[in-house]
Amino acid sequence: MKVQINKSSKINSVDFNNLNFGEICTDHMFVCDFTNGDWNEPKILPYESLKLDPSSSVFHYGQAVFEGMKAYKDDKGQTWLFRPEDNYNRLISSSIRLSIPEFPKKYFFEGLKKLLQIDSNWIKPGKGNSLYVRPFVFANTAGLSASPSKSYKFMIICSPAQSYYSGETNVKIAENYSRAAMGGVGFAKAAGNYAAQFYPTSLALQEGYQQIIWTDSYSHKYIEESGTMNIFVEINNTLITTPISDTILDGITRKSVIELCAYLKKNVEIRRLSIDELIKSSSEGTLKEMFGCGTAVVINPIKSFSYKNKKYVLPLLNNSFSSLLKEKITSIQHNISEDIFNWRYRVDS
Ligand SMILES: Cc1ncc(COP(=O)(O)O)c(C=O)c1O
């Protein structure tokens with residue numbers, strides 16, 4: 001792999017105690033081009049702007065997918081990733097659905113590890129600190145033909161992150177909008193899925209909510225995901241989460257919560273949950289907790305949900321199950337507790 005080191009690092013100008021998510025990228029980027037039917041030799045280059053033809057198909061037809069993962073450093077300075085094979089596998093299923101050639105696994109892991117070694121100083125130790133890692137691939141053939149591109153660019157960029165208190169999360173259950181439809185691309189991390197959420201989410205924000213609970217596109221009667229997170233609801237001491245389907249992203253945090261619950265002997269049901277059942281459980285006092293989960297915040301407790309202008313408030317808990325889950329997962333991520341599930345992936349320095 002060709003490596004070109006950045007001679008003017010910007011790390012000393014970064015205030016690591018005051019980071020806004022995704023605003024600053026590290027000094028290097030991993031780049032690999034697909035041309036003439038094959039992936040070329042990958043490179044690590046100083047982070048810089050790209051030059052693209054304005055007719056590149058990504059700008060017009062949105063042929064692009066991405067991933068999101070985090071690297072952590074323990075107190076001994078060792079870097080770890082969390083279940084990166086799952087990110088790679090999801091990148092491949094997203095790519096297949098978007099007609100993007102599969103990026104080789106060998107290149108993915110070599111590039112990822114090398115980039116984390118070179119930009120290692122950007123990963124700060126301590127719980128709460130991490131380096132957000134963003135692999136992505138997009139179509140860059142010049143030309144306006146609405147057909148799969150002939151050339152692509154795969155890249156990995158990284159951005160230092162801190163865990164932040166996400167504040168009270170009051171969510172609105174979608175009555176008309178949907179994030180995804182059966183037969184569509186909701187299960188894939190397709191760039192366009194996120195653009196399509198911005199407008200309904202901005203309307204919800206204006207109304208004072210922090211997120212939307214997406215409902216199924218066919219009936220709007222069943223809950224699907226919360227914002228860009230998978231959702232869990234605790235009713236009668238059982239956690240319920242929506243099954244993976246065309247419309248649900250197969251979240252790695254969701255998978256980890258389910259596996260952790262089996263270990264903790266907490267009952268989990270993987271089934272559809274209707275808005276009627278959710279409201280009934282709230283009225284009957286059997287609804288205990290609701291939370292979203294994903295790489296960015298791990299676990300995001302929901303304080304209230306609103307449906308058809310009526311607000312339902314969740315009980316205030318001192319020792320919530322969601323906070324226990326967060327503690328267990330983050331301790332594994334930061335190499336504080338034993339890795340009983342074999343989730344950690346060591347990145348040699
Ligand atoms: C739509 C959506 N759902 C769920 C998730 C959570 O997935 P993960 O736990 O792998 O981050 C994400 C974030 O990646 C997402 O974008």
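The values are calculated or read from the model by the stated rules, or taken from the named source; none is laboratory data. The model shown is predicted, which means the values in this text are computed figures rather than measured ones. All Cβ positions, glycine included, derive from the backbone under ideal geometry; neighbour counts span all protein chains shown. Heads up: the accessible areas ignore ligands, DNA and RNA and are worked out on the full protein's heavy atoms, side chains in. Shrake-Rupley method; radii C 1.70, N 1.55, O 1.52, S 1.80 Å.
Placing a label point 7 Å from the Cα of VAL3 along the Cα-to-Cβ direction, the residues of the stretch 64-85 whose backbone N falls under 16 Å from that point are 79. Within the listed set LYS114, LYS288, LYS265, the Gaussian network model of the chain (springs between alpha-carbon atoms below 10 Å) gives the highest mean-square fluctuation for LYS265.
Here is the list for the stretch 237-345: chymotrypsin sites (Phe, Trp or Tyr not before Pro) lying in DSSP coil, each with at most 16 other C-beta atoms within 10 angstrom of its C-beta, are PHE341.
For the stretch 2-164, the share of alpha carbon pairs falling in successive 5 Å distance bins from zero is 2, 9, 18, 20, 20, 15, 10, 5, 2, 0, 0 percent. Summarising the label geometry, the points placed 7 Å from Cα in the beta-carbon direction at PHE198 and GLU168 lie 2.9 nm from one another. Would you mind calculating the relative contact order of the stretch 2-164 from Cα pairs under 8 angstrom and at least 6 residues apart, reporting the percent as a whole number? Here the relative contact order equals 34 percent. In this structure the amide hydrogen of ALA161, modeled in the peptide plane, comes within under 5 Å of the amide hydrogens of SER130, LEU131, TYR132, none closer than 5 places in sequence on its chain.
As a test of the formula, what do you get for the chain when each DSSP H run with n ≥ 4 contributes -39,500 (n - 2.57) and the sum is divided by the residue count, at 222 nm and rounded to the nearest 500 deg cm²/dmol?
Working: 7 runs with 85 residues, N = 349.
Mean residue ellipticity, 222 nm, calculated: -7500 deg cm²/dmol.
Could you work out the local net charge near PRO315, counting Lys and Arg as +1, Asp and Glu as -1, over the other residues with Cβ closer than 12 Å to its Cβ? Summing Lys/Arg as +1 and Asp/Glu as -1 gives 0. You can think of it this way: the chain between ASN176 and ASP53 has 40.5 nm of extra reach, that is 0.36 nm per residue less the Cα-Cα gap. Return the long-range amide H neighbours of MET290 (sequence gap of 5 or more, or a different chain), with a cut-off of under 5 Å between placed amide H atoms. Here GLU234, ILE302 satisfy the definition.
Could you work out the local net charge near PHE187, counting Lys and Arg as +1, Asp and Glu as -1, over the other residues with Cβ closer than 10 Å to its Cβ? Net local charge, PHE187 excluded: +1. Percent of Cα pairs in the stretch 245-338 per distance bin of 5 Å, from zero to the largest separation: 2, 10, 20, 23, 21, 15, 6, 2, 1, 0.
3J(HN,Hα) along the stretch 288-305: 9, 9, 9, 8, x, 9, x, 4, 4, 10, 6, 10, 10, x, 9, 8, 8, 10 Hz, from the Karplus curve 6.51 cos²θ - 1.76 cosθ + 1.60 with θ = phi - 60°, whole Hz, x for Gly and Pro. Working note: Debye formula, equal point scatterers on the alpha-carbon atoms of the stretch 170-333, no solvent; log10 I(q)/I(0) at q = 0.12, 0.16 Å⁻¹ is -0.49, -0.90.
Annotation note: chymotrypsin sites (Phe, Trp or Tyr not before Pro) in the stretch 145-203 located in DSSP loop regions with a Cβ neighbour count of at most 10 within 10 Å are TYR165.
For the stretch 17-176, the solvent-accessible area of protein heavy atoms averages 45 Å² per residue (probe radius 1.4 Å; ligands and nucleic acids excluded). If you look at the Cα atoms of the chain, you get an Rg and a Dmax of 20.8, 63 Å. Does the stretch 179-258 come out rounded, prolate or oblate, given a ≥ b ≥ c as the square roots of the eigenvalues of its C-alpha gyration tensor, rounded meaning a/c under 1.5 and, failing that, prolate meaning a/b above b/c? Here the stretch 179-258 falls in the oblate category. Each 10 Å bin from 0 upward holds the following percent of the Cα-Cα pairs of the stretch 34-81: 16, 29, 35, 15, 5. Model label sites at ILE244 and ASN20, defined 7 Å from Cα along the beta-carbon direction, differ in position by 3.5 nm. For ASN87, neighbours were defined as the other residues whose beta-carbon sits under 13 Å from its Cβ, and their charges (Lys and Arg +1, Asp and Glu -1) total +3. Beta bridges per DSSP, both residues in the chain: antiparallel share near 85 percent.
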